[in-house]
Each structure stands twice: as structure tokens, then as C-alpha cells.
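Data first, discussion second: the structure below is written as C-alpha cells.
Values in this text are rule-based calculations from the coordinates and carry no lab data. What you are looking at is a predicted structure, and each value in this text was computed from that prediction instead of being measured. Cβ coordinates were reconstructed from backbone atoms using ideal geometry, including for glycine residues, and neighbour counts include every protein chain displayed.
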There are 2 protein chains.
Amino acid sequence: MDTAAPRVTTRDRILAAAEAVLGECGYHGTRLHEIAGRVGIRKASLFHYFRSKEDLHHAVLEEWFGEIERVIRTALEGPGTPLDKLRSLTETYVDMVMAHPARTKIVLRQSLGDAPASHWPQEPQRLLRIVSDFIAEGQSAKMLAPFDPKALVFSVMAMAAFSSTSAAVLAPEWLGDPSSAESVERVKRHVVDVVERCLAVGGQARSAPSKRAAV
Amino acid sequence: MDTAAPRVTTRDRILAAAEAVLGECGYHGTRLHEIAGRVGIRKASLFHYFRSKEDLHHAVLEEWFGEIERVIRTALEGPGTPLDKLRSLTETYVDMVMAHPARTKIVLRQSLGDAPASHWPQEPQRLLRIVSDFIAEGQSAKMLAPFDPKALVFSVMAMAAFSSTSAAVLAPEWLGDPSSAESVERVKRHVVDVVERCLAVGGQARSAPSKRAAV
DNA sequence: GTCTATATAGGGATAGAC
DNA sequence: GTCTATCCCTATATAGAC
């Protein structure tokens with residue numbers, strides 16, 4: 001009864017606007033004036049909620065990682081074989097990333113060294129480790145084929161992020177609108193396919209193999 | 001005798017410095033003062049060579065695409081089976097991207113909408129098309145396995161770019177220093193491996209299959 | 001072709017009224 | 001909690017001497 005308050009505070013609206021503008025313009029390209037304008041308040045009022053631009057930027061990133069970690073743990077604790085779990089995780093992960101291109105752009109730019117944050121959040125490394133450890137276990141148990149786990153997880157992150165943020169510009173012929181259901185489905189199938197090709201052991205059936213035959 | 005003048009002009013030194021700073025700080029984070037400082041001249045002197053910051057940024061990107069296109073055409077016109085050519089292309093491409101993280105960062109940020117360039121260069125799309133058309137041909141001739149060519153080429157771009165620019169921050173356990181020979185070799189082997197898993201037909205041997213067995 | 005000096009603008013952040 | 005007004009700083013870009 002105490003966490004069930006869906007009230008949208010001004011702070012929330014600022015965070016939402018900041019997410020959009022930061023994703024669009026990058027940290028240094030973002031003007032606080034623009035964020036305030038979208039919320040419908042004056043620039044100076046932002047400083048009632050956040051000490052500085054950097055503080056606001058940091059707050060935007062916070063929740064995102066927590067959300068991803070929750071999704072990862074849920075998928076890996078689900079039912080099925082290790083490969084089933086990884087397939088499920090991959091699908092959910094792609095869904096999330098494709099549904100939030102602005103957040104993904106912010107994370108991406110952060111990884112390029114855009115924001116002045118001196119210390120990088122350790123979440124990405126921890127999340128990558130959770131999944132790669134899970135894969136390594138499955139490989140020890142002979143339930144998954146041998147393949148460098150970190151290389152694979154990193155590649156999945158790369159493909160998902162790129163598809164969400166850059167596909168429309170770099171490869172519009174392949175993916176039109178990244179947020180369309182069709183695009184999401186295509187990316188999901190592709191990434192899952194790659195994961196299966198790398199981790200499926202001899203006997204394991206792959207999902208929808210006929211779909212891969214395309215030119 | 002007329003193109004063989006390896007003289008390094010001041011303009012060249014400005015371009016080199018700009019490449020470094022733009023890669024490090026992004027377009028809006030870049031200060032012309034910083035570029036001038038690295039060249040050893042005053043900020044105002046930059047405007048003798050370039051009309052504006054945007055002009056300088058644009059000039060930095062120009063050569064890069066041309067270089068990539070040359071590499072692609074050379075590899076695809078080389079000897080061997082289609083898969084051989086793609087393997088060779090992939091290796092050379094990864095080499096190039098890993099050797100130039102600053103340029104790669106600039107391209108990446110550009111694809112995120114960082115720079116004020118209203119119209120995006122069409123090179124990436126054309127380059128992607130050249131390679132995916134080549135793959136489609138090989139598939140028609142049954143020399144390559146069926147697999148969505150654009151999805152694969154896009155994924156290779158994603159993996160290479162990410163490895164070059166973000167691996168050290170996102171996955172330092174996997175890749176330490178991206179410019180080290182060891183890292184380059186690891187990424188190369190991984191990306192080539194993925195390409196082979198997607199395009200090799202039944203009988204075709206894969207390179208160094210034993211190297212894939214790792215945990 | 002490089003410099004000094006300056007124009008012009010806009011940004012983040014603060015003070016203090018209401 | 002939001003506003004107006006303003007401080008302070010830095011940025012791009014220009015003007016004109018040398």
C-alpha cells in the first residue's frame with residue numbers, strides 16, 4: 001500500500017524530458033532550457049530538483065540499469081534448459097533496448113566518454129559477468145557448446161544497441177523505424193539466431209529454422 | 001611524381017588534432033581552443049583553414065569513408081571463394097576500425113545525431129549495400145549459406161565499432177586495451193567466426209576451429 | 001599565415017521575491 | 001515550488017595589425 005502510488009511528480013516529468021533531450025542531443029549538446037521547456041517550467045526551477053546538469057544526467061541513467069538487471073535475473077531463473085533461458089533473456093533484452101532508444105543512446109554515449117562522469121557505473125560489467133558466468137556453467141555441464149561467453153554477450157549488447165540507435169541511419173534498407181513491431185521482431189530473430197548458432201549443441205533444435213532462409 | 005609529396009601541412013596537423021579531440025569529447029564537447037593548442041597555434045588561426053567548427057568536423061570524416069571503400073573493393077576483388085573474400089574483408093575491416101578508435105567514435109556519434117550535419121553521408125549505406133549484394137550473389141550460386149546479408153553486415157559493423165570504442169569500458173574483462181595486438185587478434189577471430197557460422201555451407205572448413213573451444 | 005583584441009552570444013548556476 | 005533577474009564564464013567567430 002505504500003509503493004502503489006502511481007502519481008507522476010514534477011521530478012518524474014523532468015526525468016522523462018531529460019531522457020528524451022539527452023538521448024537526442026548528447027550531454028554537451030543538451031540545453032537545460034530545452035528540458036525545462038518540455039516540462040513547462042523555467043530553467044531555474046530545475047535546480048530545485050537537481051543540483052546540476054551532471055546530477056540530472058546521472059539520475060536518468062540510474063533506473064535503467066536496475067531494470068535490466070531485474071530482467072536478466074528473472075530470465076535466468078525461469079524454466080527450461082540453459083539455452084531456453086538464454087533465448088528468453090535475449091528476446092526480452094532486445095525488446096527493452098529497442099523500446100528505449102533514447103536511454104540506449106545515453107548509455108552508448110556514456111561509453112564513448114561523453115558525459116563528464118569521472119567514474120563509470122559498474123553495472124554493465126556486473127551484468128555482463130552474470131550472463132557470461134551462467135553460460136560458462138552451462139558449458140561445463142555440456143548443455144551449451146563451447147564459445148567464448150564474454151565475446152558473445154558483448155556482441156549481443158552491440159547488436160541490440162546498434163539496432164536501436166543507429167540502424168535507421170546506417171542501414172535503413174534493413175531496418176526502417178526501429179520502434180516498429182516489425183523491426184523489433186526482425187532484430188529479435190536475428191540476435192537469437194546468432195546466439196543459437198554459437199551455443200546450441202549438436203542435437204538441440206533451433207527455433208524457426210526455416211525463417212533463416214532469406215535473400 | 002605529383003602525388004608523391006608526403007609533406008605534412010599545417011592543415012593536416014589540424015585535421016589530426018581535430019580527429020583526436022572530436023573522438024574524445026564529441027562534437028559539442030570539443031573546444032577549438034583544445035585543437036589549436038595541440039597543433040601549437042592560436043584558436044583564431046584555425047579559421048584561416050576552416051570556415052567553422054562544423055566544416056572542420058566534416059573534413060575529418062571525409063577521407064575515412066573513402067579509405068573503407070577502397071579496402072572493401074580490394075578484398076572482394078581478391079582471389080579465393082566468396083567465403084575466403086569475406087573472411088579477408090572482415091579481417092581487414094576489423095584491423096582498420098580497431099586501429100582508429102577516434103574516427104570510429106566520430107562516426108558512431110554522428111549516427112546518434114550528435115553533429116549538426118543536417119544530411120547524413122550516404123557512404124555507409126552504399127558500403128553496406130556493396131557487401132550485402134556480394135553475399136546475395138554468393139548465396140544464389142550456392143557458395144554461401146542462406147542468411148539475411150544485411151543483418152550480418154550490420155552486425156559485423158556493430159561488433160567492430162563496439163569493440164573499438166566501448167569494450168574497454170563496458171567489458172574490460174574481455175578486452176583490455178583495444179589497440180593492443182592481442183585485442184585486435186581476439187576481436188578479429190571472434191567476428192570472423194560469427195561470419196563463418198552464418199555463411200559457411202556444409203562442406204566448407206572453418207579456420208582454426210580449435211581456437212573456438214574456450215571457457 | 002599567425003597573432004592580439006574583441007564582438008556576440010549563450011550556457012550553467014545563484015539570489016531572492018512571491 | 002516557481003518565478004525574474006542576474007552573475008560569471010566560456011564558446012565560436014570576426015577585425016585588423018604584423
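Summary value for the stretch B:1-123: 31 percent relative contact order, contacts being C-alpha pairs under 8 angstrom separated by 6+ residues. What pairs from B:85/B:188; A:105/B:150; A:105/B:105; A:85/A:142 go past 18 Å between their alpha carbons? Cα-Cα > 18 Å for A:105/B:150; rest within.
May I ask you to sort A:105, A:85 by Cβ crowding, counting other Cβ atoms within 10 Å and putting the fewest first?
A:85, A:105
Counted over all Cα-Cα pairs of the stretch B:65-146, pairs farther apart than 22 Å make up 33 percent. The loop-placed GluC sites (Glu not before Pro) in the stretch A:157-206, going by DSSP, that have at most 15 neighbouring Cβ atoms within 10 Å of their Cβ come out as A:173. Would you kindly calculate the translational diffusion coefficient of the stretch B:159-203, applying Stokes-Einstein with the Kirkwood radius from alpha carbon pairs, for 20 °C and a viscosity of 1.002 mPa s, and quote it in µm² s⁻¹ without decimals? Taking Rh from Cα pairs, D becomes 191 µm²/s. In degrees, nearest 10, range 0 to 90: what is the angle between the Cα axis of helix B:53-76 and the longest Cα principal axis of chain B? The helix B:53-76 is inclined about 20 degrees to chain B. The simple Förster model, with R0 at 41 Å and r as the Cβ-Cβ distance, assigns residue A:133 and residue A:185 a FRET efficiency of 0.90.
The distance from the alpha carbon centre of the stretch A:1-77 to that of the stretch A:80-147 is 22 Å, rounded to a whole number.
A simple count of charges around residue B:172, restricted to other residues whose Cβ falls under 14 Å of its Cβ and scoring Lys, Arg +1 and Asp, Glu -1, yields 0.
In whole percents, the pair-distance distribution calculated for the stretch A:94-134 from its alpha-carbon pairs, binned every 5 Å from zero, is 5, 20, 20, 26, 20, 8, 1.
Give me the number: length gained by fully extending residue A:48 to residue A:73, i.e. 0.36 nm times residue separation minus the C-alpha to C-alpha distance, one decimal in nm. Length difference between fully extended and current span is 5.4 nm.
The GNM of chain B, with springs linking C-alpha atoms under 10 angstrom apart, assigns the highest mean-square fluctuation among B:190, B:33, B:57 to B:33. Relative to the longest principal axis of the Cα atoms of chain B, the long axis of helix B:10-25 makes an angle of roughly 70 degrees.
Give me the dipole magnitude in Debye, nearest 20, for the protein assembly as shown about the Cα centre, with unit charges on the beta carbon: positive for Lys and Arg, negative for Asp and Glu.
Around 280 debye, computed over the protein assembly as shown.
Rg/Rh, computed from the Cα trace of chain A with Rh as the Kirkwood radius, has the value 1.02.
Nearest 10 degrees is fine. How inclined is helix B:82-99 to the longest principal axis of chain B, computing both from alpha carbons? Computed tilt is about 30 degrees.
Considering only B:163, B:180, B:88, the Gaussian network model of chain B with Cα springs below 10 Å gives its largest mean-square fluctuation to B:180. Over chain B, Cα pairs under 8 Å with separation of 6+ residues give a relative contact order of 21 percent. In this structure, the amide hydrogen of residue B:173, modeled 1.01 Å from its nitrogen in the peptide plane, lies closer than 5 angstrom to no residue at least 5 positions away or on a different chain. For chain B, a Gaussian network of Cα nodes joined below 10 Å ranks B:161, B:59, B:171 by mean-square fluctuation, and the top entry is B:171. Of the GluC sites (Glu not before Pro) found in the stretch A:68-100, those in coil by DSSP whose Cβ has at most 11 other Cβ atoms within 10 Å are A:77.
When the helices of chain A are scored as -39500 (n - 2.57) per DSSP H run of n ≥ 4 and the total is divided over every residue, the value at 222 nm lands at -21000 deg cm²/dmol. Kirkwood-type hydrodynamic radius, the protein assembly as shown: 23.1 Å, calculated from all non-identical alpha-carbon pairs.
Measuring r between the beta carbons of residue B:8 and residue B:120 and using R0 = 30 Å, the FRET efficiency lands at 0.50.
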